[in-house]
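Novice: Next up is a structure, given as structure tokens.
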Amino acid sequence: MILIKSAQIIDGAGKPPYKADVLIKDDKISAIGNYATKKAEVIIDGLGYYLTPGFIDVNTDADHYLSLFTNPSQSDFIKQGVTTTIGGQCGSSLAPLLYGSLESIQKWTDIRQINVDWHTMKEFLKTLGRTKIGVNFGTLIGHSTIRRAIIGEELRDLTDSELKVFEHIIEKAMEEGALGFSTGLGYAHSRATPYQEILQLVKIVTKHGGVYATHLRNEEEKIAGSVKEAIRLARETGVKTLISHFRPLNGFEKNYEEALEIIQKETDELDFHFDGYPFDASVVPIYTLLPKWAQSGGLRDMLENLSSNETQERLLKEFSHINGDDIIVAQAPTAKYLVGKTLGTFARNHELELSSALIKLMILTGFKAVVIYKNINVDLAIQGLMSDKALVASNSACLPEKNDIVKHERFYNTFPKFLEITGATNRSIEKTIQKFTGIPAQKFSIKKRGLLKEGYQADLTMIKDNRIHSVFINGKQAMKDGKIQNILAGQIIKRNSA
């Protein structure tokens with residue numbers, strides 16, 4: 001048993017803090033009260049600390065980067081107080097796989113890193129459970145993953161029979177424990193997906209009580225219209241909805257403010273949220289820097305189009321606004337020597353103008369690079385995150401500490417950063433913690449987590465001065481005095497499982 005004494009309890013339900021002792025037995029919270037004379041194998045002095053439920057990161061890329069398998073400690077999540085992560089976002093998931101292929105995540109990572117030995121959602125979750133990981137993990141079903149398995153690289157509507165196959169796959173994956181369904185409507189392969197297709201698939205998700213998460217069709221000048229599409233879908237199906245990484249892109253701040261106002265005014269009666277992070281940069285596949293007219297087909301098609309003089313001339317004009325310091329190469333599997341370099345440095349080294357340098361960088365990396373792109377108005381992003389409709393998410397992965405990877409602060413400090421920001425604005429800490437814990441647990445139907453309550457799983461985070469001190473995952477101390485303990489205590493989260 002573990003006894004945490006005299007901590008300030010924040011229960012995740014939005015109630016004010018109160019002082020109490022917490023007893024952990026096995027993987028559960030056994031008791032909460034005053035146990036001055038109680039004996040336990042481990043006694044921890046919680047005086048001066050807040051004790052909260054473990055944080056739930058509702059939008060992560062741990063699966064997109066395959067780091068669930070290549071770096072199972074997931075220590076960067078633990079360092080920021082996160083005990084549960086949710087993957088399968090933006091239309092791409094590791095299951096179900098019709099043919100065992102991972103094309104839908106190749107824009108983020110080298111898909112040759114692992115051998116796939118599963119097809120169904122059930123098989124994937126079983127494999128991951130055997131692997132053991134440092135945090136709890138649940139997943140959505142990726143729309144693009146299945147769609148591309150059905151029709152390949154074609155950009156067309158599904159036939160009636162193909163849609164029926166798709167519906168059957170969604171039904172089965174939901175029955176096998178998926179938390180919901182996601183679309184990546186901003187990506188080339190999904191941008192033209194008809195509303196009616198999504199509607200039919202989301203109806204199945206609603207029937208099972210799952211969540212629909214969407215990377216909006218347009219995050220720039222038409223962001224308000226894209227938000228209205230998500231709201232319409234929520235109204236017509238009743239599905240619990242989450243807009244992924246809702247952010248004010250530079251140059252489109254007014255459009256974002258309009259879209260935010262629409263959410264605030266038109267979703268009161270809906271289970272409708274958006275997630276985001278308090279930073280000024282996106283971490284994106286390099287091909288997404290192309291204008292939409294140049295994003296057609298797969299990576300190979302885009303590369304072929306890029307070799308055209310006519311295409312390059314058009315791109316030179318399109319890229320004329322780019323700042324060389326705003327783009328940093330975070331990963332480049334085929335050209336690792338470029339990692340950490342800014343576009344400006346790359347341009348100077350090759351004696352090129354910035355526009356020409358970006359085209360050369362895309363060709364040189366074969367579009368298989370990820371960049372940190374400073375394209376967000378951070379003040380407006382923080383303002384949006386203060387909304388009751390906002391959840392906090394890192395939208396990141398736990399990557400290994402290597403010279404050929406640059407990790408943005410988002411990857412390891414999203415939640416402490418937001419605590420620091422809200423603390424400076426005198427926002428009640430209990431409301432911030434509720435945004436991290438109780439609300440996402442309820443939204444994703446994650447039972448026995450998200451609240452600090454007797455009988456619940458012992459996923460706990462200890463905080464002092466907005467920094468994470470200790471983390472408990474399923475009763476095991478995964479971080480102690482700020483140091484990771486290398487304990488793989490995570491469990492697989494399935495829809496409605498206890």
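The values are calculated or read from the model by the stated rules, or taken from the named source; none is laboratory data. Being a predicted model, the structure only gives us computed values, none of them experimental. Using ideal geometry, Cβ is built from the backbone for each residue, glycine included, and neighbour counts are taken over all protein chains shown. The accessibility values were calculated without ligands, DNA or RNA, using every heavy atom of the protein model including side chains. Shrake-Rupley method; radii C 1.70, N 1.55, O 1.52, S 1.80 Å.
Novice: Within the group 384, 340, which residue is on the phi > 0 side of the Ramachandran plot and under 26 Å from the mean Cα position of the chain (by Cα)?
Specialist: Numbers: 384 fails: on the phi > 0 side of the Ramachandran plot.
The match here is 340.
Novice: Provide a single number: the residues in region 208-252 that are touching a residue at least 40 places away in the same chain (Cβ under 8 Å), within 18 Å of residue 174 (Cα to Cα) and either outside any loop (DSSP other than H, G, I, E, B) or within 18 Å of the chain's Cα centre (by Cα) (or both).
Specialist: Looking only at that region, the number is 5.
Novice: If you don't mind, another one. If you check every pair at least six apart or on different chains, which have Cβ atoms under 6 Å apart with a residue in region 309-329 that is closer than 15 Å to residue 250 by Cα first and a residue that is open to solvent by 50 Å² or more (accessible area, probe 1.4 Å) and part of a loop (DSSP other than H, G, I, E, B) second?
Specialist: Here the result reads 326/374, each pair linking region 309-329 to a residue that is open to solvent by 50 Å² or more (accessible area, probe 1.4 Å) and part of a loop (DSSP other than H, G, I, E, B).
Novice: Which residue out of 253, 236 is surrounded by fewer than 21 Cβ atoms within 10 Å (Cβ to Cβ) and under 26 Å from residue 178 (Cα atoms)?
Specialist: Numbers: 253 fails: under 26 Å from residue 178 (Cα atoms).
Going through 253, 236 in turn, the sole match is 236.
Novice: Give the number of residues within region 54-88 that are in a helix (DSSP H, G or I), surrounded by fewer than 24 Cβ atoms within 10 Å (Cβ to Cβ) and not small (Gly, Ala, Ser).
Specialist: Count: 3.
Novice: If you go through region 433-452 one residue at a time, how many are of a type in the set (Ser, Thr, Tyr) and buried (at least 24 other Cβ atoms within 10 Å of the Cβ)?
Specialist: Going through region 433-452 one residue at a time, the tally reaches 1.
Novice: Restricting the search to region 1-21, which residues are under 18 Å from residue 38 (Cα atoms) and of a type in the set (Gly, Ala, Ser)?
Specialist: Going residue by residue through region 1-21, those that are under 18 Å from residue 38 (Cα atoms) are 1-7, 19-21.
Passing the criteria: 6, 7, 20.
Novice: Only one of 154, 167 is open to solvent by 10 Å² or more (accessible area, probe 1.4 Å) and assigned to a loop (DSSP other than H, G, I, E, B). Can you tell me which?
Specialist: On inspection, the qualifying residue turns out to be 154.
Novice: Would you check if there is a residue in region 39-47 being touching a Phe, Trp or Tyr at 6+ places or on another chain (Cβ under 9 Å) and in contact (Cβ under 8 Å) with a residue 24 or more places away in the chain?
Specialist: So in region 39-47, the residues touching a Phe, Trp or Tyr at 6+ places or on another chain (Cβ under 9 Å) come out as none.
Checked region 39-47: no residue is touching a Phe, Trp or Tyr at 6+ places or on another chain (Cβ under 9 Å) and in contact (Cβ under 8 Å) with a residue 24 or more places away in the chain.
Novice: With 284, 205, 211, 239 as the choices, which residue is modelled with pLDDT under 95 and closer than 28 Å to residue 138 by Cα? Break it down stepwise before answering.
Specialist: Numbers: 205 fails: modelled with pLDDT under 95; 211 fails: modelled with pLDDT under 95; 239 fails: modelled with pLDDT under 95.
After ruling out the rest, the residue left standing is 284.
Novice: Assess whether residue 292 counts as being surrounded by fewer than 20 Cβ atoms within 10 Å (Cβ to Cβ), under 30 Å from residue 262 (Cα atoms) and within 26 Å of the chain's Cα centre (by Cα). First the steps, then the outcome.
Specialist: Numbers: surrounded by fewer than 20 Cβ atoms within 10 Å (Cβ to Cβ): yes; under 30 Å from residue 262 (Cα atoms): yes; within 26 Å of the chain's Cα centre (by Cα): yes.
For residue 292, the condition - surrounded by fewer than 20 Cβ atoms within 10 Å (Cβ to Cβ), under 30 Å from residue 262 (Cα atoms) and within 26 Å of the chain's Cα centre (by Cα) - is met.
Novice: Out of the residues in region 4-30 meeting the condition of being touching an Asp or Glu at 6+ places or on another chain (Cβ under 6 Å) and in a strand (DSSP E or B), tell me which one is least open to solvent (accessible area, probe 1.4 Å).
Specialist: The extreme case among them is 29.
Novice: Here is a further query. Of all residues in region 92-146 being touching a residue at least 12 places away in the same chain (Cβ under 8 Å) and basic (Lys, Arg), which is farthest from residue 336 (Cα to Cα)?
Specialist: So, considering only residues that are touching a residue at least 12 places away in the same chain (Cβ under 8 Å) and basic (Lys, Arg), the one farthest from residue 336 (Cα to Cα) is 122.
Novice: Condition first: over 21 Å from the mean Cα position of the chain (by Cα) and surrounded by 19 or more Cβ atoms within 10 Å (Cβ to Cβ). Can you find one or more residues in region 260-274 that meet it? Steps first, answer last, please.
Specialist: The first filter runs over region 260-274 and keeps only residues over 21 Å from the mean Cα position of the chain (by Cα), leaving 261-262, 264-270.
After this cut, where a residue has to be surrounded by 19 or more Cβ atoms within 10 Å (Cβ to Cβ) as well, the list is 267.
Checked against the condition, which is being over 21 Å from the mean Cα position of the chain (by Cα) and surrounded by 19 or more Cβ atoms within 10 Å (Cβ to Cβ), region 260-274 yields at least one hit.
Novice: Scan region 400-413 for residues that are open to solvent by 10 Å² or more (accessible area, probe 1.4 Å) and under 27 Å from residue 443 (Cβ atoms) and report the count.
Specialist: Summing the residues that are open to solvent by 10 Å² or more (accessible area, probe 1.4 Å) and under 27 Å from residue 443 (Cβ atoms) in region 400-413 gives 4.
Novice: Out of the residues in region 31-53 that are in a strand (DSSP E or B) and among the hydrophobic types (A, V, I, L, M, F, W, C), which is least open to solvent (accessible area, probe 1.4 Å)?
Specialist: 51
Novice: Turning to a different aspect of this structure: Might you check whether a residue that is part of a strand (DSSP E or B), open to solvent by less than 10 Å² (accessible area, probe 1.4 Å) and within 13 Å of residue 92 (Cα to Cα) occurs anywhere in region 184-202?
Specialist: There is at least one residue in region 184-202 that is part of a strand (DSSP E or B), open to solvent by less than 10 Å² (accessible area, probe 1.4 Å) and within 13 Å of residue 92 (Cα to Cα).
Novice: Please find, among 395, 349, 426, 375, the residue that is buried (at least 22 other Cβ atoms within 10 Å of the Cβ) and polar (S, T, N, Q). Before the answer, list the steps.
Specialist: Details: 349 fails: buried (at least 22 other Cβ atoms within 10 Å of the Cβ); 426 fails: buried (at least 22 other Cβ atoms within 10 Å of the Cβ); 375 fails: buried (at least 22 other Cβ atoms within 10 Å of the Cβ).
From the options 395, 349, 426, 375, the qualifying one is 395.
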